[in-house]
Each structure stands twice: as C-alpha cells, then as structure tokens.
Amino acid sequence: MEGMSRSPPAGSYSNGHHHKLLGGGTAQRDHFRSRRSRQSGVTRVSSGQQETEAPPPCTDFDKAYFQSYSHVGIHEEMIKDRVRTETYKTAILQHQSYIQGKVVVDVGCGTGILSIFCAQAGAKRVYAVDASEIALQANEVVKANNLSDTVIVLHGRVEDVQIDEEVDVIVSEWMGYMLLYESMLGSVIVARDRWLRPGGLILPSNAVLYMAPVTHPDRYAESIDFWRNVYGIDMSPIMPLAKQCAFEEPSVETISGENVLTWPHVVKHVDCYTITLQELESVTTNFKFQSMMRAPFHGFAFWFDVEFCGPAAENDAPSSESTKSNPRRKRANPSEALVLSTAPEDPPTHWQQTMIYFYDPIEVEQDQVIDGKVTLTQSKENARFMNIHLEYASGGRSFVKECVLR
Ligand SMILES: C[S@@+](CC[C@H](N)C(=O)[O-])C[C@H]1O[C@@H](n2cnc3c(N)ncnc32)[C@H](O)[C@@H]1O
C-alpha cells in the first residue's frame, strides 16, 4: 500500500464473542427476582406514568443476558476501563450542583459504582436497579460504605420494579458495541417515561454512532495472507475458509486513526431525552465517502461518542409530551459538554471499535467515492442482537454484506 504509515492492531480480536454479553440460549436457572423493592420513606407521586401498561416479557435471552452480568469479571473489566469510569465520575461531579438533594435512578447499577458516585455528589436518594444477581453485591458494597440510608438497591428489571416517586436524574451506562448492541437503551427509555420529572437530567444525554471506511493490511495479512506460505507449504486453498471465519461476522477490535480512510459519517444521533423505542428497532442511513488516500479498502469501522449535557433550563423545561414534539430543545452549556469517545484516534476503551470486513479488499484511489446504505435492525430472534445490512459501491462495482452482531 502506497503513501501510508501503518501500525499493528493494538487490541486482540474477539470477533464479537466478547464476554460483555452472553450469546443466545437459555439461562441455566431463573435467578430473576422482580419487585423486590425496599423503599424507605418514599412518598408516591402521581405522575401520569405508564404504571398500567404491562411490562415486556423477560425472555430466556434476557435471563441469559442478566446471568452474564452476574460474573464479577465483566464488572471488573468495565470498572478498569478508566476512560469509561472516570468520564462518568467527572460527569456526575460536573453536575453535582444539580444532583445535590435530588432523587436519582441508576439504570443497571451493576456493582453500584455510579450510584455511589451520585450519593457522594450529594444525592438525597439513589435507586440502584439491576436485574442481575450482581445487585446483591451492590447492596453489600452500599452497606460497606455506610450509604444504605441513601442508596436503595432494587434487584429486578427496570421494567418491573416500582419506584413510588418521580426522579430528578437518570444515570446509566447502557452503551453496547456499535452503541446499540445489547439494546439496553430501551430500558433507559422505559425508566425515563416511568419516572423522570419534566426538566430532569439524563446522564449521558446524547450519543452519536459513526462509521467510516477502513484500510487494515496488517489484519488481512495476519488472518488471510498467512495461508499463502506456511513453513514453505502452499496452504492457499484454506484462504476462502479463513476469510469466512475471520470476516463473516462483525469483529470487535482496536484500530488506530491511521486505519481510517475518510471523515466519519453519522449513522444515528440519539437524544436520550426524546428517543423512542420504535426508533431503535431499525436505523437506516445513506452514506457517501471520498477516500483521502490510495489504499486497499478492507471494510467499515463503527464507533460512538456519548455526551453528558445538562438538562434543559428550568423555564425551558417541556413536559414529556412537548419534549417528544420538540427534539431540538436547548440544554444548558452544550458547548461545555463532557464527551466519552470510543473513536479510533482516542484512547482505547473496552468497547474498542466494531469492524465489518469484506472477504476481499477493494483498491481505492485518492478521492474515489464509496457510497451506499446501512441498516441496523434489532434481531427478531433476540432483540439484543443486531442484524446489519450493508450495501456499498465503489469504482463501478457494488456489493451487499449481511451479518449479525451476536
Ligand atoms: C454495562 S453494565 C453497567 C454496570 C454499572 N452501572 C457500571 O457502570 O459499572 C449494565 C448493567 O445493567 C443491567 N441491566 C441491563 N438491563 C437492565 C434492565 N432492563 N433492568 C435492570 N438492570 C438491567 C445489567 O444486568 C448490568 O449489570
């Protein structure tokens, strides 16, 4: 490849089988205990929320999902991701004056770390909700830190537990690979529509999913070209199988900014204050890139940012109805928003980037156009999986790629 400096991939290849989320299947046992709310002195506020609507069923896939979060390793990995955890801590401290004396719900509290950050920031009460058995550990951590009067751990689904008051703040770390994998954002939407008071704060407030064409000759050489000459033996007949095994499904790995051929394209902008469950079922976008260099084009990378903006100014605070009809409402200090980025040019996180590779690279010239369309759809089989349909064309040839992030 001409005119490019290259660096080896910094991360290991996990091919989507990262332990953050278990694959499909049936949970070994039903550990799910709903409605185990332990509320102390909370007064119920009638808020016109969807109390009468039946919660969605907790499927075997959901049970397997919550089971996957009962292992400590997954929480250790997330907490050790300093970019992630320190950005959340900073965001909570940045909004301390808002959080002080307020009621918070932590959607998917895990070990309770974000709930405790909120309690330390002066929250009056924090509902720490998690359907996984890790909630039992969170409760012990809360006790060990003498915060039982402030942090109320609810072991159950956000969709099932009861909180008998409005909340001022929702905090949640809901982002999956490619932002939308895991479909946990849906539970944040449920929490928002059930409990958040108008003008309340959601952390993070918004998110953007990006994509860009990528060149990655080292990765291709390591997985495919390797078979050309193995200890002097021509093993190239294995190459088609190697391509299938390496590149059939999305691959979660760390690339660098040098792998990226163009400016990124925004696939989806998520405003956590206004996004609906329906919008998340399927996302489609048309893209048009122009390669900034001559290079073999190996596939597309996806990554995301989330932002921690303040809530709408009080006098500007709409009801939940007008929020929906006015998605562009102004928030305080949007220019000072803190950003958690998983971009290739930024420090790596446990989310890495999600790669969709082609079986064979396309040689592109500088300024060559790459255009097409991508559709991301929640899998009908398991809404936590994501079906990816990619149509792309360049240099007079067009292609279709279908894969599943599972
Ligand atoms: C990515 S982890 C974040 C854990 C913790 N907040 C942290 O930052 O370390 C997401 C957690 O949300 C929980 N979760 C996901 N969906 C949920 C739901 N609908 N109701 C309750 N808990 C949920 C999972 O069990 C998991 O522990």
Open item on the list: Residue under question is LEU114, and the condition is that it be in contact with a strand residue (DSSP E or B) (Cβ under 9 Å, 6 or more places away or on another chain), free of Cβ contacts under 8 Å to residues at least 24 places away in the same chain, within 12 Å of the ligand (Cβ to nearest atom) and closer than 23 Å to GLU77 by Cα; does it hold?
Closed with: no
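Return yes when LEU241 is more than 30 Å from VAL167 (Cβ to Cβ) and either hydroxyl-bearing (Ser, Thr, Tyr) or surrounded by fewer than 16 Cβ atoms within 10 Å (Cβ to Cβ) (or both) and no when it is not.
Working: more than 30 Å from VAL167 (Cβ to Cβ): yes; either hydroxyl-bearing (Ser, Thr, Tyr) or surrounded by fewer than 16 Cβ atoms within 10 Å (Cβ to Cβ) (or both): yes.
In short, yes.
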Open item on the list: Looking at the structure I just gave you, is TYR220 free of Cβ contacts under 8 Å to residues at least 12 places away in the same chain and over 27 Å from LYS63 (Cα atoms)?
Closed with: no
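Scan the range 189-200 for residues that are within 10 Å of the ligand (Cβ to nearest atom) and surrounded by 23 or more Cβ atoms within 10 Å (Cβ to Cβ) and jot them down.
Kept after step one, since they are within 10 Å of the ligand (Cβ to nearest atom), are these residues of the range 189-200: 190-191.
Hit for the range 189-200 is ALA191, nothing else.
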Open item on the list: If I filter the range 246-260 for residues that are at pLDDT below 95 and of a type outside the set (A, V, I, L, M), do I get at least one hit?
Closed with: no
Task: Residue check for ALA123: away from the ligand (no atom under 14 Å from the Cβ), among the small types (Gly, Ala, Ser) and free of Cβ contacts under 8 Å to residues at least 12 places away in the same chain - done: no
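State all residues of the range 229-239 that are without any contact (Cβ under 8 Å) to a residue 12 or more places away in the chain and in a helix (DSSP H, G or I); if no residue qualifies, say none.
Of all residues in the range 229-239, those without any contact (Cβ under 8 Å) to a residue 12 or more places away in the chain come to 229-238.
Within the range 229-239, SER236, PRO237, ILE238 meet the criteria.
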TODO: Considering only the range 60-108, give the helices (runs of 4 or more DSSP H) lying wholly within it that have at least 3 residues that are within 13 Å of the ligand (Cβ to nearest atom).
DONE: 60-68, 72-80, 82-94
Open item on the list: List the residue pairs whose Cβ atoms are under 6 Å apart, where the first residue sits in the range 183-208 and is of a type in the set (Ser, Thr, Tyr), the second is outside any strand (DSSP E or B) and more than 13 Å from the ligand (Cβ to nearest atom), and the two are 6 or more positions apart or on different chains.
Closed with: SER205/CYS272; SER205/CYS309
Open item on the list: Looking at (1) buried (at least 22 other Cβ atoms within 10 Å of the Cβ); (2) within 28 Å of PHE66 (Cβ to Cβ), which one does MET184 not meet, given that it meets all the others?
Closed with: (1)
Open item on the list: Looking only at the range 281-311, count every residue that is of a type outside the set (A, V, I, L, M, F, W, C), in a loop (DSSP other than H, G, I, E, B) and surrounded by fewer than 21 Cβ atoms within 10 Å (Cβ to Cβ) and tell me the total.
Closed with: 3
Task: Subset tally (residues that are over 14 Å from CYS109 (Cα atoms), in contact with a strand residue (DSSP E or B) (Cβ under 7 Å, 6 or more places away or on another chain) and surrounded by fewer than 22 Cβ atoms within 10 Å (Cβ to Cβ)) for the range 126-163 - done: 1
Open item on the list: Tell me the residue from PRO318, PRO327 that is at pLDDT below 85, under 22 Å from the mean Cα position of the chain (by Cα), part of a loop (DSSP other than H, G, I, E, B) and surrounded by fewer than 20 Cβ atoms within 10 Å (Cβ to Cβ), please.
Closed with: PRO327
TODO: Please work out if ALA123 is touching a His at 6+ places or on another chain (Cβ under 9 Å) and crowded, with 19+ Cβ neighbours inside 10 Å.
DONE: no
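Per-residue answers, yes or no, for (1) of a type in the set (Val, Ile, Thr); (2) more than 24 Å from GLY186 (Cα to Cα); (3) surrounded by fewer than 21 Cβ atoms within 10 Å (Cβ to Cβ); (4) within 28 Å of the chain's Cα centre (by Cα):
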{"position": "GLN352", "(1), (2), (3), (4)": "no, no, no, yes"}
{"position": "GLY372", "(1), (2), (3), (4)": "no, yes, yes, yes"}
{"position": "THR375", "(1), (2), (3), (4)": "yes, no, yes, yes"}
{"position": "VAL404", "(1), (2), (3), (4)": "yes, no, yes, yes"}
Task: Output for the range 164-174, where each listed residue is buried (at least 24 other Cβ atoms within 10 Å of the Cβ) and farther than 19 Å from GLY101 by Cβ - done: SER172
TODO: Starting from the range 154-182, take each residue that is within 8 Å of the ligand (Cβ to nearest atom) and list its partners that are at pLDDT below 95 and not in a loop (DSSP other than H, G, I, E, B), counting only C-beta distances under 7 angstrom and pairs at least six apart or across chains.
DONE: GLY156/ARG36
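The values are calculated or read from the model by the stated rules, or taken from the named source; none is laboratory data. Source: prediction; values computed, not measured. Cβ: placed from backbone, ideal geometry, glycine included. Neighbour counts: every protein chain shown.
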